[in-house]
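Here's the structure, in structure tokens; my notes come after.
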Amino acid sequence: MAEQTASGYIQHHLQNLTFGHLPDGSWGFAHDAAAAKEMGFWAFHVDTLGWSVALGLIFILIFRMAAKKATSGQPGALQNFVEVLVEFVDGSVKDSFHGRSPVIAPLALTIFAWVFLMNAVDLIPVDWIPALAVKVSGNEHTFFRAVSTTDPNATLGMALSVFALIIFYSIKVKGIGGFIGELTLHPFGSKNIFVQALLIPVNFLLEFVTLIAKPISLALRLFGNMYAGELVFILIAVMFGSGLLWLSGLGVVLQWAWAVFHILIITLQAFIFMMLTIVYLSMAHEDNH
């Protein structure tokens, strides 16, 4: 029974608040994982969307506040923090991006700050936000996940946005012919036109897989690391409900230890997503052939 309770607790914390088309033809919230699955493609993870938008607005408001209060005299703590972050991102762009574009640095800053904020929600105790959602809704069975980056829909959405920019700049810089040539004439080439024609399918297969792997790797790397981190927090929380004093005490130690280590993870994952975006867009701006 305890095992089933623990299993139900874990499943509850890993289920999104899903809104979609119900079997009776109406629109509403799913009451369990099976109902959410039946909603199909046109189902919305309200918690993921809500937290993503809210944290994006927080990022905008913080930086807007810092910009409005910016001074050439003695800067405040907020201005110092923002300037350090901007200089860090700007230095990363200068080191990794070899083209010329006014979009890349602001994009990189937005990605790093936004992903970091979404990741940082994972440091809030796992029961606090779901418990608040239950109180607000008045339904004890309400599902609510606060860490948007543990939802593959969110990470894949961001990755596909980056992928769209990769395609756009590849065509803009190289032209449609150059972009198609990049996919079909490399990495294998031959001066013999007939041999080159035979190599086109092989080249296209290799280059197309490489191209498609970019958004998939971006999305799954962030999702996998954050999902694993969230799951560890949930498993530690299960220890508190075991009823054993020594296990609860061990849970306290593990909770703090994992939280400290997780600070590095959430920062590193935001940095990796930003750096890969910069590198991929730098490759899209290269016109060497």
In segment 164-197, what count of residues is obtained for those that are within 33 Å of the chain's Cα centre (by Cα), of a type in the set (Ser, Thr, Tyr) and farther than 21 Å from Val103 by Cα? 1
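With the condition kept exactly as written, say whether any residue in segment 5-23 is among the aromatic types (Phe, Trp, Tyr) and within 20 Å of Asn153 (Cβ to Cβ). Steps first, answer last, please.
Restricting attention to segment 5-23, the residues satisfying the condition of being among the aromatic types (Phe, Trp, Tyr) are 9, 19.
Adding the requirement that they be within 20 Å of Asn153 (Cβ to Cβ) leaves 19.
So far as segment 5-23 goes, yes, one or more of its residues are among the aromatic types (Phe, Trp, Tyr) and within 20 Å of Asn153 (Cβ to Cβ).
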What tally of residues in segment 98-127 results from selecting those that are modelled with pLDDT of 95 or more and not in a helix (DSSP H, G or I)? 0
Selection within segment 153-195 - part of a loop (DSSP other than H, G, I, E, B) and polar (S, T, N, Q): Ser190, Asn192
Can you name the residue in segment 253-286 that is within 20 Å of the chain's Cα centre (by Cα) and of a type in the set (Ser, Thr, Tyr) and is also surrounded by the fewest Cβ atoms within 10 Å (Cβ to Cβ) among such residues? Thr267
Under 7 Å by Cβ, and 6 or more places apart or on different chains, what pairs join a residue from segment 264-286 that is touching a residue at least 60 places away in the same chain (Cβ under 8 Å) with one that is among the charged types (D, E, K, R)? Ile266/Asp122; Tyr280/Lys214
Name the pairs whose Cβ atoms lie under 7 Å apart, with the first residue in segment 217-234 and within 10 Å of Thr155 (Cα to Cα), the second of a type in the set (Phe, Trp, Tyr), and 6 or more positions between them or separate chains? Leu218/Phe273; Leu222/Phe273
Under 6 Å between Cβ atoms, at least 6 apart or on separate chains: pull out the pairs that start in segment 109-136 with a residue that is of a type in the set (D, E, K, R) and end on any residue that is in a loop (DSSP other than H, G, I, E, B). Asp122/Val147
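Where residues in segment 23-37 are among the small types (Gly, Ala, Ser) and out of contact with any helix residue (DSSP H, G or I) (no Cβ under 6 Å at 6 or more places or on another chain), which of them is farthest from Asn139 (Cα to Cα)? Spell out the reasoning first.
So the first thing to find is which residues in segment 23-37 are among the small types (Gly, Ala, Ser), and the list is 25-26, 28, 30, 33-36.
Filter again for out of contact with any helix residue (DSSP H, G or I) (no Cβ under 6 Å at 6 or more places or on another chain), leaving 25-26, 28, 33-36.
Details: Gly25: 23, Ser26: 20, Gly28: 14, Ala33: 16, Ala34: 18, Ala35: 17, Ala36: 17 Å.
The qualifying residue farthest from Asn139 (Cα to Cα) is Gly25.
Tally time: how many residues in segment 32-77 are farther than 25 Å from Phe223 by Cβ and surrounded by fewer than 15 Cβ atoms within 10 Å (Cβ to Cβ)?
Step one: of segment 32-77, the residues farther than 25 Å from Phe223 by Cβ are 61-77.
Those left that are additionally surrounded by fewer than 15 Cβ atoms within 10 Å (Cβ to Cβ): 61, 64-65, 67-74, 76-77.
Counting residues in segment 32-77 that are farther than 25 Å from Phe223 by Cβ and surrounded by fewer than 15 Cβ atoms within 10 Å (Cβ to Cβ) gives 13.
The values are calculated or read from the model by the stated rules, or taken from the named source; none is laboratory data. Predicted, not measured: the structure shown is a model, and the values here were computed from it. Counting neighbours? That spans all protein chains shown, and the Cβs are built from the backbone with ideal geometry, glycine included.
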